[in-house]
Amino acid sequence: MDTEADLLAAARRADRGAFDRLVRPYQSELRAHCYRMLGALHDAEDALQEALLGAWRGLAGFEGRSSVRAWLYRIATNACLRLIGQRPQRLLPRDRHPAADPDGELAAAVGGEAFVEPFPEDDGDPQRRFELRESVELAFVAALQHLPGTQRAVLILREVLAFSAAEVAEALDTSVASVNSALQRARRTVDRHAPSQSQQATLRSLGEETERTLVADFVAAWERADVPALLDLLAEDARFTMPPLPAWFDGRDDVARFLAGRVFATPWRLVPVRASGQLAFACYQRHPDGAYRIGCVNVLTLRGDRIAEITGFLDPAMYAGFGLPEVLP
């Protein structure tokens, strides 16, 4: 079997196959890194492809002073920073707009705005999947989007990926002192926007049996259009958001009125999935021809044993990244 040094040497001789084998072990984690930086899977894919192309073209300049992994992260991070400068800031609807009236007209998507999107479950190594989940949770990724690009990169590289301050300084072409200063500022901002407890810690505290019961109860209530049963699962201050629509609803009563009046006009079928390390459901709505077509992906945010937020992602372009069929069999 070729070693990494063998593959690097062959790649430097313009062997594209060797280059592909060299970078393949890092692509999954680089994709997740670009997602944290940019807040959406298709933006992450754009950045990753730009980074891999840059690495291929820049092989001659790689002197081997750092590891191949660190070199690739440097290229990917700078590709993300360029995209951050070109694209609108990705947030959640509640970061941009006031809560809506559940009895009012449902606002259309606002042109030019971009919202954080979920990250599909990694089908690779189970241990790596477990380690990944906390760093791609919606609330954490949304909090990161409040940071300037350089602070975002510093916090992710230092605290998620555990690169040293010196390695981050080299990646960003700055000083260790600047990295440490940026990290302190980034921590303060993220602490203001991110919850004190991660969804992974919440799920661990619930236990597998309670989690299974919650999933089953949510599916049954949604498919029966049983609003009282759903209310029993929601926190009093629960929220329901629907990116890319700006409208969102604040509080259990408003969420219930919106669900009863708008969402449950036609039947649904739900398929449990994982998104951003959180409980989620691919939601299929029945159409006049009787077929159940995908209408949204609902991601749940829990607080204790109650649902604190339902984020219903409505962008059809997002579903392909989850491998979801358009129509249920």
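The values are calculated or read from the model by the stated rules, or taken from the named source; none is laboratory data. Remember, predicted model here, so these are calculated numbers, not experimental data. A quick note on method: Cβ atoms are made from the backbone with ideal geometry, for glycine too, and the neighbour counts reach across all protein chains shown.
Within segment 282-294, is there a residue that is in contact with a Cys (Cβ under 9 Å, 6 or more places away or on another chain) and assigned to a helix (DSSP H, G or I)? No, the conditions are met nowhere in segment 282-294.
For the residues Ala282, Ala260, Ala291, the requirement of being closer than 27 Å to Ala143 by Cα and either under 19 Å from the mean Cα position of the chain (by Cα) or among the small types (Gly, Ala, Ser) (or both) singles out Ala282.
Rundown of residues vs (1) among the aliphatic types (A, V, I, L, M); (2) in contact with a Phe, Trp or Tyr (Cβ under 6 Å, 6 or more places away or on another chain), yes/no style:
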position	(1), (2)
Ser178	no, no
Ser181	no, no
Gln184	no, no
Glu209	no, no
Phe218	no, no
Gly251	no, no
Val255	yes, yes
Val271	yes, no
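Hey, does segment 66-74 have a residue that's hydroxyl-bearing (Ser, Thr, Tyr), closer than 30 Å to Ala238 by Cα and not assigned by TED's automatic domain parsing to the domain that holds Phe258? The answer is no, given that none of the residues of segment 66-74 is hydroxyl-bearing (Ser, Thr, Tyr), closer than 30 Å to Ala238 by Cα and not assigned by TED's automatic domain parsing to the domain that holds Phe258. Just a yes or no: is a residue in segment 263-277 of a type in the set (Ser, Thr, Tyr), surrounded by fewer than 21 Cβ atoms within 10 Å (Cβ to Cβ) and either farther than 18 Å from Leu106 by Cβ or modelled with pLDDT under 95 (or both)? The answer is yes; a qualifying residue exists.
Considering only segment 211-232, I want to know if a residue exists there that is out of contact with any Leu (no Cβ under 7 Å at 6 or more places or on another chain), in a strand (DSSP E or B) and of a type in the set (Gly, Ala, Ser). Taking every residue of segment 211-232 in turn, none turns out to be out of contact with any Leu (no Cβ under 7 Å at 6 or more places or on another chain), in a strand (DSSP E or B) and of a type in the set (Gly, Ala, Ser). When Ser66 is tested against (1) more than 22 Å from Ala165 (Cα to Cα); (2) at pLDDT below 90, only condition (1) is not met. Selection of helices (runs of 4 or more DSSP H) fully inside segment 1-91 by the criterion of at least 2 residues being basic (Lys, Arg) and loosely packed, with under 14 Cβ neighbours inside 10 Å returns 16-38. In segment 125-171, counting only helices (runs of 4 or more DSSP H) that sit wholly within it, the ones holding 3 or more residues that are modelled with pLDDT of 95 or more span 138-144, 149-155.
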